[in-house]
Amino acid sequence: MIINIYTLIMLFVAFVSLFLGGFLFYAALRMLLYFASAMSLETKSKFEERGYLVFLLACMILSVRMLAWPWFYFMLQSFVPEVPGAMCMFGVTQILPSAVTFLQIIKPISFFIMGGWLLCYYVDKAAPTSPLARRNLCFLLVACGVLLADSIADISYVLRMKPLMSVSCCATFFDVPLRPSAMIPQAIFGIHFQKILFVLYYLINIILIALLFLLLSKKWLSFTAFSKKIVVYSMAIVGVVNIPVVIYTLIENIIPRLMQLPYHHCIYCFMGKGVVPDAPVMLGLFVIGTFAIGWMGILHMLCMNAETQPVTEHLLKKVNGLSAFCLLASLMMVTIHLIFT
């Protein structure tokens, strides 16, 4: 185990999350099993008080737990001097690679699910009768399950992390001709895949941002229900397609140019070396903007009924605006860097 301030904070948050998450899961499951629409006034009052405390605890622990994703990369960066041969975070990931891969998958999933639950809880709390309480309890069970898995994986990884071997440089993975980021798009687009990726990066992001601003415009109110569904579903599809396009374009086109290293494609160097100081901000804005599109989908699916519709629609506009701002800001930051690099 490597002991520093990053691992100590990660362990503390993970152990607290594990304990409180387990209690939260038990309390939510018990409330769901005893949930009934027909109760005496006294029983209903006690149920509401207990539910308020459970949901308040959930808001606190999920909000804190969402910060574990960026903190994980701070921790990996702090390990670089401790691992022989490591030039960036990639070298650290070669120790316990299965655990790191699992953590890098579950943390964005955890961030997304927890953020979605917090938005649904906000809608339910704004309604006088809490009409979404049952749905929120079911959703909370899912969030707690992910939280527990994430916390256990954090504890296991930190306790087992021992730099007992020398690792290879990131160039042996990211800069070889057969790297996955080059072979996959090349198999789809051919030998000129880098130019096509670059065009797609701008085209898809501009389309996505235009759709988001369309939802905020007054013209959106004149659309029929069927037309609105087509636009919303199209935006969701474009948002999903945009994720691999952005990742591959970053690795193959943008990262080498912004780091002024034409043949180096390491995204870990881009994030952690400090060559491009605002690189984490660019990536963070893209992540928040993309997740916000998914959160809008969750609000549409779980929070649309007669009682909560006004609150949900108001919150959808805010989340929509957040998504449009983050994606546009990320795109502009990349563009400014490309122009002046």
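Tabulated data
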{"quantity": "Test: residue in region 119-133 that is within 23 Å of Trp71 (Cα to Cα), out of contact with any His (no Cβ under 9 Å at 6 or more places or on another chain) and not assigned by TED's automatic domain parsing to the domain that holds Thr308", "calculated": "yes"}
{"quantity": "Selection within region 111-130 - in contact (Cβ under 8 Å) with a residue 40 or more places away in the chain and of a type in the set (A, V, I, L, M)", "calculated": "Met114, Leu118, Leu119, Val123, Ala126, Ala127"}
{"quantity": "Those residues of region 286-338 which are open to solvent by 50 Å² or more (accessible area, probe 1.4 Å), hydrophobic (A, V, I, L, M, F, W, C) and either at pLDDT below 95 or outside the structural domain of Ile237 (by TED's automatic domain parsing) (or both), in sequence order", "calculated": "Met301, Leu302, Met304, Ala306"}
{"quantity": "In region 91-110, residue least open to solvent (accessible area, probe 1.4 Å) [restricted to those that are out of contact with any Leu (no Cβ under 9 Å at 6 or more places or on another chain) and in contact (Cβ under 8 Å) with a residue 60 or more places away in the chain]", "calculated": "Gly91"}
{"quantity": "Criterion violated by Cys138 - all others in (1) in contact (Cβ under 8 Å) with a residue 12 or more places away in the chain; (2) open to solvent by less than 50 Å² (accessible area, probe 1.4 Å); (3) out of contact with any Ser or Thr (no Cβ under 9 Å at 6 or more places or on another chain) satisfied", "calculated": "(2)"}
{"quantity": "Answer residue from region 264-285, given it is among the small types (Gly, Ala, Ser) and under 17 Å from the mean Cα position of the chain (by Cα) and is surrounded by the fewest Cβ atoms within 10 Å (Cβ to Cβ) among those", "calculated": "Gly284"}
{"quantity": "Val64 vs. criteria assigned to a helix (DSSP H, G or I) and over 22 Å from the mean Cα position of the chain (by Cα)", "calculated": "no"}
{"quantity": "Any hit, region 199-208, residues being touching a Gly at 6+ places or on another chain (Cβ under 8 Å) and under 30 Å from Ser78 (Cβ atoms)", "calculated": "no"}
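To keep it simple, each residue is scored yes or no on (1) small (Gly, Ala, Ser); (2) surrounded by fewer than 18 Cβ atoms within 10 Å (Cβ to Cβ).
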{"position": "Leu147", "(1), (2)": "no, no"}
{"position": "Ser156", "(1), (2)": "yes, yes"}
{"position": "Arg179", "(1), (2)": "no, yes"}
{"position": "Gly190", "(1), (2)": "yes, yes"}
{"position": "Ile206", "(1), (2)": "no, yes"}
{"position": "Ala225", "(1), (2)": "yes, yes"}
{"position": "Ile251", "(1), (2)": "no, no"}
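The values are calculated or read from the model by the stated rules, or taken from the named source; none is laboratory data. Everything quoted here is computed from the prediction, not taken from an experiment. Cβ: placed from backbone, ideal geometry, glycine included. Neighbour counts: every protein chain shown. Just so you know, the surface numbers come from the protein's heavy atoms only, side chains and all, with ligands and any DNA or RNA stripped out. Shrake-Rupley method; radii C 1.70, N 1.55, O 1.52, S 1.80 Å.
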